[in-house]
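Trainee: Sharing a structure below in structure tokens format, with a few things to ask.
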């Protein structure tokens, strides 16, 4: 029964994260369109929903890298997560969806996303290190070598 619970928990987390990221990306696209085209002469194309959903699903899968037990360093986990997310964005959103009409525009969007996400990852790392340090300080010391 434990295996079924783990599978259900994984699917629940995956679908929850996918839905959350899908909502965030759709909102960001809508805000971008509203700001750049205030008179409504540009609309959100329906085909983009599929690409956004694929991006969000891969993004949600990439989040499970942070739960890997065999990688001890949180910085290493963040670095792997960062590379996977930027690749996801580059392959799905920038290249696959065809949202950019030129190669220069695609490279610019990928670099802008990578930089913005680097800032998010840095904040995430700082928050983790501060909370983890606080948790370690509150734990009682127990020696591994003496009884």
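The values are calculated or read from the model by the stated rules, or taken from the named source; none is laboratory data. Because the structure is a prediction, the values reported are computed rather than measured. Note that we place each Cβ from the backbone using ideal geometry, even for glycine, and neighbour counts take in every protein chain shown.
Trainee: Which members of region 21-49 meet the condition of being closer than 14 Å to residue 92 by Cβ and exposed (fewer than 12 other Cβ atoms within 10 Å of the Cβ)?
Mentor: 47
Trainee: Another question about this same structure. Are any residues in region 106-136 out of contact with any helix residue (DSSP H, G or I) (no Cβ under 9 Å at 6 or more places or on another chain), modelled with pLDDT of 80 or more and farther than 22 Å from residue 56 by Cα, and if so, which ones?
Mentor: 126, 127, 130, 131 - these are the residues of region 106-136 that are out of contact with any helix residue (DSSP H, G or I) (no Cβ under 9 Å at 6 or more places or on another chain), modelled with pLDDT of 80 or more and farther than 22 Å from residue 56 by Cα.
Trainee: Which fully enclosed helices (runs of 4 or more DSSP H) of region 1-117 have 3 or more residues being without any contact (Cβ under 8 Å) to a residue 40 or more places away in the chain and more than 28 Å from residue 132 (Cα to Cα)?
Mentor: Working: elements: 2-36, 47-62, 74-88.
Hits in region 1-117: 2-36, 47-62.
Trainee: Which residues, counting only those in region 32-63, are modelled with pLDDT under 85 and closer than 26 Å to residue 82 by Cβ?
Mentor: Result: 32, single match.
Trainee: Is it fair to say residue 84 is crowded, with 16+ Cβ neighbours inside 10 Å and modelled with pLDDT of 85 or more? Step through it out loud before you land on a result.
Mentor: On the way: crowded, with 16+ Cβ neighbours inside 10 Å: yes; modelled with pLDDT of 85 or more: yes.
So residue 84 fits the description; yes.
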